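First up is the structure itself, then whatever we jot down about it.
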Amino acid sequence: MIRHVDTAAAEIFEYKEKNPQRYRELIEVGIKIGFGEFPETEGKEILTPDQVRAKYKPKNPDYAALTNAVIEGEVKESAKLTAALLENGTDPTAIVVDALMPGIQTVCEIYDNGDAFVPEILLANDAMVAGVALCQDKLGDMPSAGRVASLVIEGDVHDIGKNIVAAILRANGFEVIDMGRDVLVEDVVDLVKKEKIDLVTGTSLMSTTKEGLRALSEELKASGVPVACGGAAVDDHFVETFTNSIYGKSPLDAVKIAQAVAAGKDWETVRKEMKIGKGQEQEKVKN
Ligand code: B12
């Protein structure tokens, strides 16, 4: 017996063969509509894998070679090239931000465009993590700049970005308690009660899970521990709809927020400072 769903699936696969670009756009729209968003897709350009590679390729050839090792998921090569850069005295944070991160960003965007598969992301992640681990080892024991708990919010398994944020915070002297992914608000509240924590960083990549960051921030308000919120599903407009929260876009924003909070500033002051910082950057771009 042929059911409606089989017919629909056959048509979808036929469409995928005939017009792969439009197929990808429709899948993306379908997912967003499923999450309650109705995006405008007209005119959105989808880059080819080579164009995505070119977009993220670092100018420095040594960095570019390491980025490429991450893209190809070559764990040993990534470790070898990272070790060589460290031996030359390259700053570990620069290696993570300017060489390892562009690799994973390339693969994720190619995957998002429908031109790569999940195993490729996971291999690239392994290659990135091999490099990040060496950068962290190089830093060794440093006096603690403060204590941060990092997590991906309940219902969300996307932890690649959270791992980068944790690595960059560590590279900048913060002690990071990595709580992992799909983390319950109550578990964070418990941790904050037991341990001395200066800041919590929360990540959400899905529209369905981002509300968890609101719950987390407001639950933690009484403890005086603010939440830095980031990840592709959130922006400053959303984060400013609740208290005890500061929006950050990049891992280096997480460092700025952690430094300000560890210096004793409250979440409202830090939120304002982050906005002013962003305003100045935009002015620079305009000039
Ligand atoms: C990789 C990936 C996966 C992998 C995740 C592997 C892993 N271990 O993380 C796998 C294949 C498992 C996966 C599964 C799913 N995925 Co997925 N996935 C992606 C993808 C392609 C890339 C995400 C990523 O890692 N980006 C790279 C990292 C480095 O970026 P990032 O996380 O944003 O982090 C950066 C910044 O945001 C920032 N940052 C991050 N956290 C924080 C915190 C603070 C405090 C600060 C300051 C900064 C900061 O720093 C990072 C470095 O720059 C995205 C599409 C995309 N291009 O974003 C979809 C995407 C997130 N996935 C999506 C979906 C729908 C799913 C699934 C539901 C699919 C399914 N039907 O099964 C499942 C989710 C299951 C679940 N319950 O979570 C959707 C979400 C749609 C939405 N808006 O809600 C997306 C957007 C794809 C799409 N276009 O539809 N996915």
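The values are calculated or read from the model by the stated rules, or taken from the named source; none is laboratory data. Quick caveat: nothing in here was measured; it's all calculated off a predicted structure. Every residue, glycine among them, receives a Cβ derived from its backbone with ideal geometry; neighbour counts consider all protein chains shown.
Side notes on the structure shown:
- Comparison of ALA116, ALA127, ALA145 shows that the only residue that is of a type in the set (A, V, I, L, M) and at pLDDT 90 or above is ALA127.
- Of all residues making up region 167-198, the number that are of a type outside the set (Val, Ile, Thr) and not in a strand (DSSP E or B): 16
- Checked against (1) in contact with a Leu (Cβ under 7 Å, 6 or more places away or on another chain); (2) of a type outside the set (Phe, Trp, Tyr); (3) under 26 Å from ALA99 (Cβ atoms); (4) buried (at least 21 other Cβ atoms within 10 Å of the Cβ), ILE164 passes all but a single condition, namely (1).
- Being touching a residue at least 12 places away in the same chain (Cβ under 8 Å) and in contact with a Cys (Cβ under 8 Å, 6 or more places away or on another chain) is true of ILE160.
- Whichever residue in region 92-140 is near the ligand (Cβ under 9 Å from one of its atoms) and among the acidic types (Asp, Glu) and, among such residues, is surrounded by the most Cβ atoms within 10 Å (Cβ to Cβ): GLU109
- Of the candidates ALA258, ALA222, the single residue that is surrounded by fewer than 22 Cβ atoms within 10 Å (Cβ to Cβ) and part of a helix (DSSP H, G or I) is ALA222.
- LEU151 passes every criterion in (1) within 11 Å of the ligand (Cβ to nearest atom); (2) farther than 27 Å from LEU47 by Cβ; (3) at pLDDT below 85 apart from (3).
- Residue match in region 257-272 (condition: of a type in the set (S, T, N, Q) and in contact (Cβ under 8 Å) with a residue 24 or more places away in the chain): yes
- Checking GLY30, GLY89 one by one, the residue that is at pLDDT below 85, more than 21 Å from ALA166 (Cβ to Cβ) and not assigned by TED's automatic domain parsing to the domain that holds VAL255 is GLY30 and no other.
- Condition check for SER217: among the polar types (S, T, N, Q) and surrounded by 22 or more Cβ atoms within 10 Å (Cβ to Cβ): yes
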